[in-house]
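The values are calculated or read from the model by the stated rules, or taken from the named source; none is laboratory data. Treat the numbers as computed from the prediction; the structure is a model and nothing was measured. Note that we place each Cβ from the backbone using ideal geometry, even for glycine, and neighbour counts take in every protein chain shown.
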Amino acid sequence: MKALILAGGLGTRLRPLSCTRPKILFPIANVPLIDLTLERLASNSVVESVLAVNFMAEKLQHTLGCSKHGMKLTYSRDAPISSSKQHAQRALGTGGPVKQAERILGSKEPFFVMNGDILSKANYAIMMEEHKSAGCVATIALARVTNPSRYGIVKVGSNRRIESFIEKPVSQAGSALVNAGIYVFEPEIFDYIPVNKKCSLERAVFPRLADEGRLLGYKIENLWVDVGKPEDYIVGNKLWIKASGISAIPRAVIDSRVQIEDAVAIDEGVTLGEESILGPNLSLGKGVRVGKRVLIRDSIVFPNTIISNSATIEGSIIGESVTIERDVKIKGGCLIGDNALIQEGITLPKNVKICPSVTISESVEESHCMT
Ligand code: GTP
């Protein structure tokens, strides 16, 4: 079996962190998201994964190579060009890359297609079995969410056939089933997608299949999070740490006076200063250095960042090799780009974004983007 992973989006909602790395390389409990996806596919009998790349294609190919978890990796590019402006112009959306990879995916058997920014413990083997026995052109995995107004709701009829999609309903109360971004397609799907053109699976292909009664819904009961938005990325990281039973204290150097509140993932080479309180819901990447009396919770810190004495960080994502000086306070929803410097005593209010390599030496307004 083969799988196609959509991995060429710009990831604008995770900027500025996605300016310097593709979304699928973002760490979940200190492991790149794509590694978790590939591991799960390999353990569900997938023998080859095709990465549909566009934005930062070279970086991805260089980082991932040609095999992972005993599985062959191949790359299918939206367009063989290099400037980011051209990337945006030639992006094929979620459908175009499927058609683009037609030759690699072949015409003999069904295959998986999935959004690269999905964190899931779905049982792909069972999904494939159900797809085969239903005889539809496509099967969409469905996740139950409690805030469906942010997604498109899927209406399922008899025989688990998907009847229609309701885009971002304003008045929906309670939970509902939404498109989980994981699919099984018969090769017949290629007839529904135009060649070398931008095309949306969600808007152009699935409604047509639903009208024809050839679209199956498969409910996922296991962990599922779309980590494409900062707050969901933090939640996904927390749920993954909890679900995977990751131990808070691996090979880090930890002072006995440090307080760790579950769930926390600490990578190799992390140092923690005395009287710091870490967690709940926190990842500290490789080589992160935390000073004394630091407080960090509900956050993700990428490798090699330095957090100095008495700093406080809540509900934020801190990029790689960032320097946070003493007494800095970072409130919820902040995204700090790689190599940024936040100078002593600065308070960042909610939802501030700081671009890579920027130095912050004065106070910043709420929801501001510092370039
Ligand atoms: P935002 O800009 O934050 O919306 O993120 P995104 O660009 O990744 O878009 P979205 O989350 O809707 O994309 C869903 C999945 O499709 C992600 O895994 C993307 O990487 C992928 N994707 C989106 N657009 C393209 C594209 O034009 N080409 C390829 N190859 N993949 C894409």
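A compact table of results
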item	result
Qualifying positions in the stretch 190-237 - β-branched (Val, Ile, Thr) and over 21 Å from Phe111 (Cα atoms)	Val225, Val227, Ile234, Val235
The lone exception for Gly8 - which of (1) in contact with an Asp or Glu (Cβ under 7 Å, 6 or more places away or on another chain); (2) more than 9 Å from the ligand (Cβ to nearest atom); (3) not hydroxyl-bearing (Ser, Thr, Tyr) it fails	(2)
Positions within the stretch 127-141 being more than 18 Å from Tyr192 (Cβ to Cβ) and either at pLDDT below 95 or more than 25 Å from the chain's Cα centre (by Cα) (or both), in sequence order	Glu129, Glu130, Lys132, Ser133
Criterion (surrounded by fewer than 21 Cβ atoms within 10 Å (Cβ to Cβ) and either within 16 Å of the ligand (Cβ to nearest atom) or touching a residue at least 60 places away in the same chain (Cβ under 8 Å) (or both)) met by exactly one of Glu186, Glu163, Glu221	Glu186
The one condition in (1) more than 9 Å from the ligand (Cβ to nearest atom); (2) out of contact with any Asp or Glu (no Cβ under 6 Å at 6 or more places or on another chain) that Lys2 fails to fulfil	(2)
Tally, over the stretch 15-48, of residues that are crowded, with 21+ Cβ neighbours inside 10 Å and on the phi > 0 side of the Ramachandran plot	2
Subset of the stretch 289-329 (residues that are touching a helix residue (DSSP H, G or I) at 6+ places or on another chain (Cβ under 9 Å) and of a type in the set (Ser, Thr, Tyr))	Ser299, Ser316
Matching helices (runs of 4 or more DSSP H) fully within the stretch 49-151 where at least 2 residues are within 15 Å of the ligand (Cβ to nearest atom) and in the same structural domain as Glu188 (by TED's automatic domain parsing)	57-64, 84-90, 96-100, 102-105
Enumeration of residues in the stretch 191-215 that are over 17 Å from Glu102 (Cβ atoms), in a loop (DSSP other than H, G, I, E, B) and under 27 Å from the mean Cα position of the chain (by Cα)	Ser200
Filtered residues of the stretch 292-332 (kept if at pLDDT below 95 and either among the small types (Gly, Ala, Ser) or crowded, with 22+ Cβ neighbours inside 10 Å (or both))	Gly332
In the stretch 317-343, residue farthest from Val364 (Cα to Cα) [restricted to those that are free of Cβ contacts under 8 Å to residues at least 24 places away in the same chain and of a type in the set (Gly, Ala, Ser)]	Ser321
From the options Arg150, Arg144, Arg103, residue that is in contact with a strand residue (DSSP E or B) (Cβ under 8 Å, 6 or more places away or on another chain) and either modelled with pLDDT of 95 or more or surrounded by fewer than 22 Cβ atoms within 10 Å (Cβ to Cβ) (or both)	Arg144
Check on Asn179, at pLDDT 90 or above and surrounded by fewer than 23 Cβ atoms within 10 Å (Cβ to Cβ)	yes
